[in-house]
Amino acid sequence: MSEPIRVFLVDDQQMVRAGFRMLVDSQPDLTVVGEAGDGAEAVERLAVTACDVVLMDVRMPRVDGVEATRRLQARPDPPAVIVLTTFDLDEYAFAAIKAGAAAFLLKDAAPPDLLGAIRSVHAGDSVVAPSTTRRLLEHFADALPDPGPAGGDERLRDLTEREREVLELVGRGRSNQEIAADLVVAEATVKTHVSRLLAKTGSRDRVQLVVLAYETGIVRP
């Protein structure tokens, strides 16, 4: 049996952390390796605690989840961060995704959804449903920079025409299967295009590709 996925909990409410700990530790393939009451403590403890996935509250005293996520993602081989918030379409969650979080979930998400999110980000997938990220970006469209002419951004310079097509469809919330159907290609081909997009644009994951598509005007709200 493979080693369990190591989870670290960050929330300023002890009862919330206790609930998450009970849920995570109830699973044979997951284990809680530590917890912190705010972002500063989390960054400090994660410097000496190996973990795979961080459950990160965003609204906390001292250092919030956005800044903590930014600091963690600046480290070599950082853990995947799942942002947890009480409020749908929270501006903090948008900022955390920009800072490198791999997922965005509401705190009242059903237990199977939270557990599935931990397993998915550990496997390298983006948990935030593209449609959720798209709604988030559309809600805060006014906070995005003016993209100017679509496709004029330096990060898009080396993309092929097909890769731009795939980026647009990713930005519109299409899954790999749906993109394959739209472009009449194999799903494996789409996965290859997405991998190349990540490498060429310096994006960490699919969530950041969606953000990129909006920031550069490939997709407009």
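Could you say whether any residue in region 126-146 is out of contact with any Cys (no Cβ under 8 Å at 6 or more places or on another chain), at pLDDT 80 or above, not hydroxyl-bearing (Ser, Thr, Tyr) and not in a helix (DSSP H, G or I)? Among the residues of region 126-146, not one is out of contact with any Cys (no Cβ under 8 Å at 6 or more places or on another chain), at pLDDT 80 or above, not hydroxyl-bearing (Ser, Thr, Tyr) and not in a helix (DSSP H, G or I), which makes the answer no. Residues in region 6-43 that are out of contact with any Cys (no Cβ under 8 Å at 6 or more places or on another chain), touching a residue at least 40 places away in the same chain (Cβ under 8 Å) and in a strand (DSSP E or B): 9, 10, 30. Does region 1-13 contain any residue that is polar (S, T, N, Q), surrounded by 13 or more Cβ atoms within 10 Å (Cβ to Cβ) and at pLDDT below 95? So far as region 1-13 goes, no, none of its residues is polar (S, T, N, Q), surrounded by 13 or more Cβ atoms within 10 Å (Cβ to Cβ) and at pLDDT below 95.
Kindly indicate whether residue 154 is modelled with pLDDT under 80 and exposed (fewer than 15 other Cβ atoms within 10 Å of the Cβ). In short, no. Out of curiosity, is residue 82 part of a strand (DSSP E or B), closer than 25 Å to residue 214 by Cβ and either hydroxyl-bearing (Ser, Thr, Tyr) or in contact (Cβ under 8 Å) with a residue 40 or more places away in the chain (or both)? Criteria met by residue 82.
Out of the residues in region 177-207 that are among the polar types (S, T, N, Q) and open to solvent by 30 Å² or more (accessible area, probe 1.4 Å), which is nearest to residue 70 (Cα to Cα)? Within region 177-207, the match that is nearest to residue 70 (Cα to Cα) is 195. In this structure, does residue 45 turn out to be under 18 Å from residue 121 (Cα atoms) and among the basic types (Lys, Arg)? In short, no. Taking the criterion of being within 20 Å of the chain's Cα centre (by Cα), open to solvent by 60 Å² or more (accessible area, probe 1.4 Å) and at pLDDT 90 or above, the only residue of region 160-176 that qualifies is 168. Of all residues in region 91-104, at least one satisfies being basic (Lys, Arg), modelled with pLDDT under 90 and under 19 Å from residue 198 (Cα atoms).
When 52, 64, 77 are screened for being in contact (Cβ under 8 Å) with a residue 60 or more places away in the chain and open to solvent by 20 Å² or more (accessible area, probe 1.4 Å), only 52 passes. Among residues of region 174-188 that are farther than 19 Å from residue 213 by Cα, those with a beta-carbon under 7 Å from a residue that is of a type in the set (Gly, Ala, Ser) and surrounded by 13 or more Cβ atoms within 10 Å (Cβ to Cβ) at least six positions away or on a different chain give the pairs 186/180; 187/180.
The values are calculated or read from the model by the stated rules, or taken from the named source; none is laboratory data. The model shown is predicted, which means the values in this text are computed figures rather than measured ones. Cβ coordinates were reconstructed from backbone atoms using ideal geometry, including for glycine residues, and neighbour counts include every protein chain displayed. With ligands, DNA and RNA removed, areas are computed over all heavy atoms of the protein, side chains included. Shrake-Rupley method; radii C 1.70, N 1.55, O 1.52, S 1.80 Å.
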